[in-house]
Amino acid sequence: MRGAPSRAAAAAPPAAAALVLVLMVLVIVRLPWAGDLGMHAATVERLRHNLLDPGNPLVDADTPSPYYSPWMLLLGCVARVTGLSVFVVLRIGAVVGLALLVTGVRRYVRTLSGHSAAPALVLLCLLFLWGTALFEWSGFLGLNSLALTVSYPSVFALGLAFHFWAWLARAVGVSGNPGGGWGDWLGLGVLWAVILLVHQFSGVVASLGALATVLAARPARVVWARLAAGLVLGVVVLWLWPYYDFFALFGAGADLESVHRALYRDPVGRFGLVLVGVVALGLRRRRDRWDPLVLFFGLGVVVCAGGWLSGHYSWGRALPAVLIPAQVAAALEVVEAGRRGVRAAWACVLGAALLVGAWTQAGTLGYVAGRGWLPEVVAAKYRTPWVGYRWITPWVKYGDVVLARTSAARQIPAYGPYTVAPGYPDFFLSDEARRVAAVRSYFAAGTAEGVRRDIVRSYGVRWVVARGAVRGAGGLREVARGPGGQVLYVVVP
C-alpha cells in the first residue's frame, strides 16, 4: 500500500495532459479566429490556385513572401488535390502540428529523464507555467496562445524543433548513445533549414537549443566535422528555396522592430510563474554547469537582453529560448531531485504555480463552449474571437480587389480576394507605404472625389468594405451589411 500514493501521483500528470489535449482537439474543431489566421489561410488559398508562382498572398502584386514555406506548400497541395476549403485544410494542419508538438516534447524529454511522468509534466509546464496576465503570440506555447495559433506554422515549427533537439542529442552522444553517422548529421542539417523556412523566429529558438545541446555534450573532434557538413547542407537548402530569399530577411526594416516592442512589456505579469523554473535551473547548474537546459536558457537571455538594449525588439521572439528550458527544468525537478521529501516539496510548489497559470488561462474553455456557458468569473478571462468576412463571399470572388482598413484587411484575403494594402508589414512589397497611404486617404473625410477615383482606378478596386457610410465618397452602391455595422459596397463604373 505504500506505493499506491506514488503510483497515483505519477498517473496524475498524464491524465491532466490528456484532458488538455482533448480540449485542444475541440478547439481545433471550432478554430477560433484571431491574429494571423487570415494570413495563413490566404497563403494556402494562393498556393491552391498556383503552386509555382502564387504571388503576394494579400495584395494583387507579383512578389515573394516568407509565408510560402515548405509546410504551407504541403497544405496548399492538400487543398488543391482534395478540393477542401482552406479552413478545413488548416484544421488538418492544426492536428498534425499538435501531434508533432506532443510527440516532439516526449522525445526531447526522454533525452533528459527516464521517469514515466516527465513528458506529461513538461507538457503541462509548457502550457501553464507562464504568468498571471494573459499573453498570446505565435511561437509561444501558453494554452490560450496555443488555442489561437494551433493552426499556425509556428506550432508546426516548434514541434519539429523538439524532434530536432531529441535527434541532435542522440547524434552527439547524449544518454549513452554512441553518436550519429554522416546520414544523421546531413538529415539534421536539412531539418534545421526546414524549421527556419517554416517559421523564422521558431528557427532561431531551435538554433539556440541546438547550440546548447552541442556545447553541453562537448563532442569529439569527429563530430564537429559532421556537424559542419550538416550546417553547410542546411545553408544550401535555405539558399535554394525558390519561394523567397531567406537571407534577405536579415534586412527587414524598422516596422518589424516597432511591432515586437510589445514583447518586452509586463514581463512579470506575463512570465512571472516561470521564476519557479529559473530556480530549478539554478539547482541544475549547481549539479552540472554544462547542463543543456542551463546553457539553452543562458543563450536565450543573451539574445533577448541584446534585443532590448540595442532596440532590435524583434529579437524578443527568442523569448521561448528563455521560457522553454525553465519550464522543462521546473518539471524535471519534481521527478529528478534527490530526496523524496525534496521532490514532494517541489511538487507542491510547482503544482500551486500550475494551478495559478491554469486559472489565468481558464478563458480558453470559451473557445469550445462559448462565452454563454462559462461562469462569469471565467468569462471575464475569455477574449471573443474575430467573426470573419464569410458574409461578403456571395458577391466578392477570388482575385477581386477590396479596399478596406487594416483590421478587415487582415481577414478578407482568407476567402480569396485581395486588399489594396496588406494587413501586416510586408518586407518584400516595395510600394507598401504608398498602398497604406492610399487606403488612409480614401477613407479620410476631406479627400476629394477625384483622388478617390484615382485610387480605385490605380489598384483595380472592385469593392469597398467600411463601417457605416464612407463620408463624401461617391461611386459606391451598397450591396450587403455584415456584423458590427459593416457595409459592403460595389464600385459603380
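What distance in nm separates the two pseudo spin-label positions at A18 and R343, each 7 Å out from Cα along the beta-carbon direction?
2.2
Which length gain, in nm to one decimal place, applies between T406 and D62 when the Cα-Cα distance is subtracted from 0.36 nm times their residue separation? Mind showing how you got there, number by number?
Numbers: separation 344, 0.36 × 344 = 123.84 nm, distance 2.08 nm.
Between T406 and D62, full extension yields 121.8 nm more.
Can you give the translational diffusion coefficient of the stretch 360-493 in µm²/s, computed by Stokes-Einstein from the Kirkwood radius over Cα pairs at 25 °C and 0.890 mPa s?
149
In nanometres, what is the gap between the two model label sites at A445 and V236, each 7 Å from Cα along Cα-to-Cβ?
It is 6.3 nm.
What is the angle, in °, between the Cα long axis of helix 221-240 and the longest principal axis of the Cα atoms in the chain? Nearest 10 is fine, range 0 to 90.
In the chain, helix 221-240 runs at an angle near 10 degrees to the longest axis.
Describe numerically, in nm with one decimal, the distance between label points set 7 Å from Cα along Cα→Cβ at A229 and at T393.
Between A229 and T393, the label points sit 5.0 nm apart.
Would you mind checking the radius of gyration and Dmax of the stretch 361-405 based on alpha-carbon positions, in Å?
Computed over the Cα atoms of the stretch 361-405, radius of gyration and Dmax are 16.1, 44 Å.
Nothing charged except the Cβ atoms of Lys and Arg (+1) and of Asp and Glu (-1): what's the magnitude of the dipole of the chain about its Cα centre? Round to the nearest 20 debye.
1080
Can you compute the FRET efficiency between A433 and T82 using 1/(1 + (r/R0)^6), with r the Cβ-Cβ distance and R0 = 30 Å? Round to the nearest 0.05.
0.20
By how many nm would the segment from V190 to S116 grow when fully extended, if each residue of separation counts as 0.36 nm and the alpha-carbon distance is taken off?
23.5 nm
So for each of 215-224, 50-59, 195-204, 312-321 I average, over its residues, the number of other beta carbons within 10 Å; can you give me the resulting order with the highest mean first? Intermediate results must be reported in sequence, preceding the final value.
Details: 215-224: 13.9, 50-59: 17.9, 195-204: 24.2, 312-321: 22.2.
So the order, starting with the most tightly packed, is 195-204, 312-321, 50-59, 215-224.
Please state the shape class of the stretch 34-100: rounded when a/c is under 1.5, otherwise prolate if a/b exceeds b/c and oblate if not, all from the C-alpha gyration tensor.
On the way: a/c = 1.79, a/b = 1.44, b/c = 1.24.
Prolate, since a/c reaches 1.5 and a/b exceeds b/c.
Divide by every residue of the chain the summed helix terms, -39500 (n - 2.57) for each DSSP H run of at least 4, and state the resulting mean residue ellipticity at 222 nm, rounded to the nearest 500 deg cm²/dmol. Don't skip to the answer; put the middle values down first.
Values: 21 runs with 287 residues, N = 493.
Result for the chain: -18500 deg cm²/dmol, rounded to the nearest 500.
Short version: what are the Cα gyration tensor semi-axes of the stretch 14-68, square root of 5 times each eigenvalue, largest first, in whole Å?
One finds semi-axes of 34, 11, 9 Å for the stretch 14-68.
Any chance you could give the angle, 0 to 90 degrees and rounded to 10, that helix 432-443 forms with the longest Cα principal axis of the chain?
Its long axis makes an angle of about 50 degrees.
Size of the stretch 283-353 along its principal axes in angstrom, Cα-based, largest extent first?
Cα spread of the stretch 283-353 along its principal axes, largest to smallest: 46, 27, 13 Å.
Quick one: dipole size for the stretch 309-451, taken about the Cα centre, charges +1 on Lys/Arg Cβ and -1 on Asp/Glu Cβ, in debye to the nearest 20.
Charge dipole of the stretch 309-451: 300 debye, to the nearest 20.
Enumerate the residues in the stretch 350-365 having an amide nitrogen under 17 Å from the point lying 7 Å beyond the Cα of V279 toward its Cβ.
From the stretch 350-365, the list is 350-357.
5 Å is the cut-off here: which amide hydrogens, built 1.01 Å from N in the peptide plane, fall below it relative to A466, excluding neighbours closer than 5 in sequence?
V487, Y489
Calculate the translational D of the stretch 412-460 in whole µm² s⁻¹ from Stokes-Einstein, where the hydrodynamic radius comes from the Kirkwood formula applied to all Cα pairs, the temperature is 37 °C and the viscosity 0.692 mPa s.
It diffuses with D of about 279 µm²/s by this estimate.
Using only Cα atoms and rounding to the nearest 10 degrees, what angle (0 to 90) does helix 320-336 make with the longest principal axis of the chain?
Taking the Cα atoms of the chain, the angle to 320-336 is about 30 degrees.
Could you list the square roots of 5 times each eigenvalue of the Cα gyration tensor of the chain, that is, the equivalent ellipsoid semi-axes, sorted largest first and rounded to whole Å?
43, 27, 20
So if I take the alpha carbon set of the stretch 1-122, get Rg, then get Rh from the Kirkwood formula, what is the Rg over Rh ratio?
Values: Rg = 19.8 Å, Rh = 17.0 Å.
Result for the stretch 1-122 is an Rg/Rh of 1.16.
For the chain, with all protein chains present and a 1.4 Å probe, just round the carbon and sulfur fraction of the accessible area to a whole percent.
Details: 13550 of 21240 Å².
For the chain, the apolar C and S fraction of the accessible surface comes to 64 percent.
In debye, nearest 20, what is the charge dipole magnitude of the stretch 1-101 about its Cα centre with +1 on Lys and Arg Cβ and -1 on Asp and Glu Cβ, if you could check? If you can, show how the numbers build up before the last one.
Values: 7 positive and 5 negative charges, 139 e Å.
Computed about the Cα centre, the dipole is about 660 debye.
Between the stretch 423-488 and the stretch 179-229, how many Å separate their Cα centres?
So the two Cα centres are separated by 48 Å.
Using a 1.4 angstrom probe, figure out how much accessible area the stretch 419-462 has per residue, in square angstrom, rounded to the nearest whole.
49
Of all the C-alpha pairs in the stretch 169-300, what % are more than 24 Å from each other?
Values: 3838 of 8646 pairs.
Result for the distance tail: 44 percent.
Please say if the stretch 295-416 is rounded, prolate or oblate, where rounded means a/c under 1.5 for a ≥ b ≥ c the square roots of the C-alpha gyration tensor eigenvalues, and otherwise the choice is prolate for a/b larger than b/c and oblate otherwise?
Oblate, because a/c is 1.5 or more while a/b does not exceed b/c.
Let me know the shape class of the stretch 74-189, please: from the alpha-carbon gyration tensor, a ≥ b ≥ c as square roots of the eigenvalues, rounded when a/c is under 1.5, otherwise prolate if a/b is greater than b/c, or oblate.
It comes out oblate by the Cα gyration axes.
Return the long-range amide H neighbours of L476 (sequence gap of 5 or more, or a different chain), with a cut-off of under 5 Å between placed amide H atoms.
V492
The values are calculated or read from the model by the stated rules, or taken from the named source; none is laboratory data. Predicted, not measured: the structure shown is a model, and the values here were computed from it. Note: ideal-geometry Cβ built from the backbone for every residue, glycine included; neighbour counts use all protein chains shown. Each accessible area value is taken on the protein alone, full model and side chains, heavy atoms only, with ligands, DNA and RNA left out. Shrake-Rupley method; radii C 1.70, N 1.55, O 1.52, S 1.80 Å.
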